[in-house]
1. Against the condition farther than 19 Å from Glu275 by Cβ and modelled with pLDDT of 85 or more, how does Lys197 come out, does it pass?
2. Among strands (runs of 3 or more DSSP E) lying entirely in region 374-419, which contain 1 or more residues that are of a type in the set (D, E, K, R), under 17 Å from Val431 (Cβ atoms) and at pLDDT below 90?
3. When region 272-330 is examined, which residues are found to be of a type in the set (S, T, N, Q) and over 23 Å from His230 (Cβ atoms)?
4. Pairs needed: first member in region 169-180, part of a loop (DSSP other than H, G, I, E, B); second member anywhere, at pLDDT 85 or above and of a type in the set (Ser, Thr, Tyr); C-beta distance under 8 Å; at least 6 residues apart or different chains.
5. Scan Ile374, Ile396 and give me the residue that is surrounded by 22 or more Cβ atoms within 10 Å (Cβ to Cβ) and either touching a residue at least 24 places away in the same chain (Cβ under 8 Å) or within 24 Å of Cys299 (Cβ to Cβ) (or both).
6. Does any residue in region 125-136 that is closer than 20 Å to Gly210 by Cα come within less than 7 Å, Cβ to Cβ, of a residue that is at pLDDT 85 or above and not in a strand (DSSP E or B) six or more places away or on a different chain, and which pairs are these?
7. So is Asp294 of a type in the set (D, E, K, R), touching a Pro at 6+ places or on another chain (Cβ under 9 Å) and closer than 30 Å to Ile422 by Cβ or not?
8. Listed residues Thr226, Thr207, Thr259; which is in a strand (DSSP E or B), hydroxyl-bearing (Ser, Thr, Tyr) and modelled with pLDDT under 85?
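The values are calculated or read from the model by the stated rules, or taken from the named source; none is laboratory data. None of the values given here were measured: they were computed from a predicted structure. Here the Cβ positions follow ideal geometry from the backbone for every residue, glycine too, while neighbour counts run over all protein chains shown.
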Amino acid sequence: MQRFVLRPPGKLLHKRRQQAPQGLVVAADHRYPVAVAIVDLHHGSRGRAQNILDMQLKRLQGLEKEKLQNEYKELEARIAYFNELLSSEEKIRGVLKDELTAIRDRYGDDRVTEIQDVEDEIDIEDLIEEEECVFTLTAGGYIKRTAASTYKAQRRGGKGITAMSTKEEDYVDTVFTASTHDFILFFTNKGRVHRKKGYQIPEAGRTARGTNLVNVLPIEQDEKVTAMIHLREFPEDRYLVMVTRSGTVKRIQLSSIYTARKAGIRCITLDEGDELICVRETDGDQAILIVTHDGMAICFKETDVRCMGRDAAGVRGINLRPGDYVVGAARAKRDHQVLMITENGYGKRTDMDEYIRADGPQKRGGFGLKGYNITEKTGPVVGVKVVSDGDDVLVINDAGVIIRMAAAGISTYGRTAQGVKIMNLEEGVKVISFARTDHEEEEEAAEGETPAGGPEQA
């Protein structure tokens, strides 16, 4: 490699001689007028290196300055172009058109996929998992749904688990089980009915209070839901039997209330001071069992009540003694049992044959038969359900505690018996409602645990 140092006087000083087949490098610095050339002796570039060395430094500096000035002018021209482009929407659209056209010409090809109309619409229910849920409604108007599997079956006489946290002045009033895909019909004390799907009811945890009903249904301030039923369809050959607190009964076609009106529709005209408390779906050829607060019961054919329009008031179902009122109604089924539960946690099953005798049901409008021997120990009846050995029962008290038990674990007694203790209650706590659901295998008792209290008969 040969290194040449060019100094201002123009003399070429020889510093070192060494063989090095490398390329050509020229460096110039306006602060230090020094140029260094490394000459590739193997590629015959000596002449080009010599030309560079012979070039005046002034000319080299001028070339670099000219290059920078050209770049500056080019940038100024581009800035002016972009400012002009941004100030004109027409020019912007023209640029976009040109660019899109270029993309089309370069990448465009024939469509491979085919766009067609979808014959079947996508239903939101197809995206929602169907499951059995417990629907709970408080007297204060808070509603929620919880997976039924949350409440495991226990032995008769247990204390249960907390199902809902409520305000001090509130308590759970209604509980039943239904599918998330079922229609939930809400009947109010004023005789109106609203319709929702099960999944439209907000889900909440086991101990959560739930959502205020006014956020779910368009109900009035002095209106409350007193009955709820669940169903899948509204066929022409199905009916609804409605029972009021004062013992009035009305039967209408189920299809007559099939409506999606947000404000709901009227389903019964009520007398002053009366309210709707119970609704049951029927097939038109069933017997209806009505039970009162004092334990009286009457069972009659639903055909004894003619089918009416939505605005009709209904007919007399049961005569009531002073101070008594209806607490529930059920569809009477042979080979089933009538389950009644009292406020103090007592209950019993009674064979349906004791209400549907050999000569058939009773006639509507009477005082009925004694269905429960009410005492101070048992307390009054809170409701009635028709069950079989394959059912479970959910019992709930006004403290928000639910116990789940097999219906078969509740003993069977006659109409005039007091029954057995089925739920242990704290002082001042009362049973306020119960529901029937499908049977679930009972959890095994922990080691050393004994079943809660044996049968207790009055």
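1. Answer is yes for this residue.
2. Here the list reads 391-397, 401-406.
3. Scanning region 272-330 gives Thr292, Thr303, Asn319.
4. Asp170/Tyr142; Thr180/Tyr199
5. Only one candidate passes the filter, namely Ile396.
6. Short answer, once both residue conditions are applied: Glu131/Thr180; Cys133/Thr180; Cys133/Gly198; Phe135/Ile201; Thr136/Gly210.
7. Considered against the rule, which asks whether it is of a type in the set (D, E, K, R), touching a Pro at 6+ places or on another chain (Cβ under 9 Å) and closer than 30 Å to Ile422 by Cβ, Asp294 comes out as yes.
8. Exactly one residue qualifies, and that residue is Thr226.
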